[in-house]
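The values are calculated or read from the model by the stated rules, or taken from the named source; none is laboratory data. Keep in mind that what you see is a predicted model, and the values were worked out from it rather than measured. All Cβ positions, even for glycine, are placed from backbone atoms using ideal geometry, and neighbour counts span all protein chains on display. Just the protein is used for accessible areas: all its heavy atoms, side chains included, with ligands, DNA and RNA removed. Shrake-Rupley method; radii C 1.70, N 1.55, O 1.52, S 1.80 Å.
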Amino acid sequence: MKNLWPLYVMAIPGMLFLIVFKYIPLFGTVIAFKDYSVFKGFLDSPWVGFKHFQSLLHYPDFIRVFGNTLILGLLKIVLVFPIPVLFALMINEIRKSVVKKSVQTALYIPHFLSWVIVSGIVFDLFSINGFFNIILGWFGHEPILAMQDSAFFRPIYVLTSIWRDAGWGTIVYMAAISAIDPQLYESAMIDGASRFRQIRHITFPLLLPTVVVLLLLDIGNFMELGFDQVFNLLTPMTYSVGDILDTYVFRTGIQQAQYSFATAVGIFQSVIGFTLVYTFNKISNKVSDGGLW
């Protein structure tokens, strides 16, 4: 214990962060069951039971907003999640250190751009005089205002997610790959295994437990699609396919000061996220004998 005190000291900031920003705010969820008033406070605001949850379920556009959230969440899991795994496997096969570091840096940089900047770039690319319409012009097509067209919103959402965050997501996978015993590769090379066979029979199977854990964590955030990204890419013409629970809460809960309703929606999302994590963790334990717990 005495030898480990530097590690405990290093853990203190992280523990304080969790307590202050994750656990203490949990007490505030009680306002989801009250008609919260900033003048009456937490204790004196009247109890209303499940009134705000019922309001959410009876909201005329609830099916559309909930459906958009599910579709974008599914697209993110199916199309965005595997990309960092592929990037990590490909980067690991680059033998020249300079090229490898250059590729990694090029992939990491977009993550440090805010979604406001990324959205600005995207709006410029797809503007009437943007690069997208210039390419269409080369093939004799009329210009398209893609950001105002609901057919383009979901593909753009997926592509921007990959461009900004896929490179950053490779860090954990690269760390897991670097921990693989080099003797396994040496033995495979002696047996005549090609690079592809080494990936198939050594790298990927040993990387799989890390992939499963990160997939379960992503599933836990299934309903949290990133308010910043969707809000900045959204236009009134794309509300039909891009309006999600987060943007709906911002309009009705925050802008109209309905804090109890906004909290109820947050609890609704958390319950679904926990249910998905619990279900898929059970499946993972049965199928691969590995999971979060």
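At-a-glance table
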read-out: Cα-Cα P(r), region 30-183, percent of pairs per 10 Å interval; value: 9, 22, 23, 22, 15, 7, 1
read-out: Residue order for 225, 234, 145 - accessible surface, 1.4 angstrom probe, largest first; value: 145, 234, 225
read-out: Gyration tensor (alpha-carbon) shape descriptor, region 128-262, a/c threshold 1.5; value: oblate
read-out: Solvent-accessible area per residue for the chain (1.4 angstrom probe, square angstrom); value: 61
read-out: Only Lys, Arg (+1) and Asp, Glu (-1) charged, at Cβ; the chain dipole about Cα centre in debye; value: 540
read-out: Selected from 213, 99, 172 as most flexible by GNM, with the chain as the system and alpha-carbon contacts under 10 Å; value: 99
read-out: Positive-pole candidate from 66, 31, 14, dipole of region 1-94, charges at beta carbon; value: 31
read-out: Gaussian network model of the chain, springs between alpha carbon atoms under 10 Å - residue of 74, 136, 26 with greatest fluctuation; value: 26
read-out: For region 1-88, radius of gyration divided by Kirkwood radius, i.e. Rg to Rh on alpha-carbons; value: 1.19
read-out: Helix runs (DSSP H) in the chain reaching 24 Å along axis by Cα, Kyte-Doolittle at least -1.0; value: 150-178, 259-287
read-out: Under 18 Å from the Cα of residue 34 - lysines, other chains or at least 8 residues apart; value: 51
read-out: For residue 34, residues with placed amide H under 5 Å, excluding near neighbours; value: 48
read-out: Qualifying chymotrypsin sites (Phe, Trp or Tyr not before Pro) in region 112-194, DSSP loop, other Cβ atoms within 10 Å at most 13; value: 139
read-out: With eigenvalues of the C-alpha gyration tensor scaled by 5 and rooted, region 113-178, Å; value: 30, 13, 11
read-out: Between region 187-261 and region 92-160, the alpha-carbon center distance in angstrom; value: 18
read-out: Principal axis box of the chain, alpha-carbon based, largest edge first, Å; value: 73, 71, 37
read-out: Options 41, 170, 199, ranked by Cα towards positive dipole end of the chain, top entry (Cβ charges); value: 199
read-out: Those trypsin sites (Lys or Arg not before Pro) in region 88-178 that DSSP places in a loop and that have at most 11 other beta carbons within 10 Å; value: 95, 96
read-out: Percent carbon-and-sulfur accessible area, the chain, ignoring ligands, DNA and RNA, probe 1.4 Å; value: 70
